[in-house]
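So the structure is just underneath, and the comments pick up after that.
Just so you know, all these numbers are worked out from the coordinates, no wet-lab data involved. No experiment lies behind these values; they were computed from the predicted model shown. Here Cβ is always computed from backbone atoms with ideal geometry, including for glycine, and neighbour counts include all displayed protein chains.
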């Protein structure tokens, strides 16, 4: 009885991991999306709020979810959007500024990614989505063009 429960658990985890891995192949540089806080590392769960996986979708994940049809993404529908509101389109951040990339192209014709399409990096001067990562928050994540950092009162 316990062995079958463990098997079902492992099987369900495999499905979740395969699910976001499949979508990563449908965006340009999907396996090279930079972690906004840790230079030189990648953000594996591109459409989620945590680098490995979190059920909460970030702004890019929500935009992708809206246009998915039978688990297939039409990249052109989200490429020209600025999901995280940092002033750069998703295509610009993922190395496809002209929005011409197709899955069959692989990495041909792509520039290196310059940012994360769903989370405002700390160095961006704009973050209208308000979505930032708590390990390296963007001070502009208030949704305004002015920095906003709250400092707790000392007792």
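For the reader, a short list of remarks on this structure follows.
- Sorted fewest first by neighbouring Cβ atoms within 10 angstrom, 131, 119 come out as 131, 119.
- Extension gain, residue 80 back to residue 136 (0.36 nm per residue minus Cα-Cα distance, nm): 17.6 nm
- Counting every other Cβ atom within 10 Å of each residue's Cβ, 56, 128, 38 order from fewest to most as 56, 38, 128.
- Mean separation of Cα contacts under 8 Å, 6 or more apart, over the residue count of region 13-135: relative contact order %: 27
- Per-pair calculated FRET efficiency, R0 = 22 Å: residue 71 and residue 104 via Cβ, rounded to 0.05: 0.80
- Point-to-point label distance, residue 57-residue 21, nm (Cα→Cβ direction, 7 Å offset): 2.2
- Relative exposure of 49, 100, judged by other C-beta atoms within 10 Å (fewest first): 100, 49
- Stretch gain in nm, segment residue 32-residue 50, where the contour uses 0.36 nm per residue and the Cα spacing is subtracted: 4.9 nm
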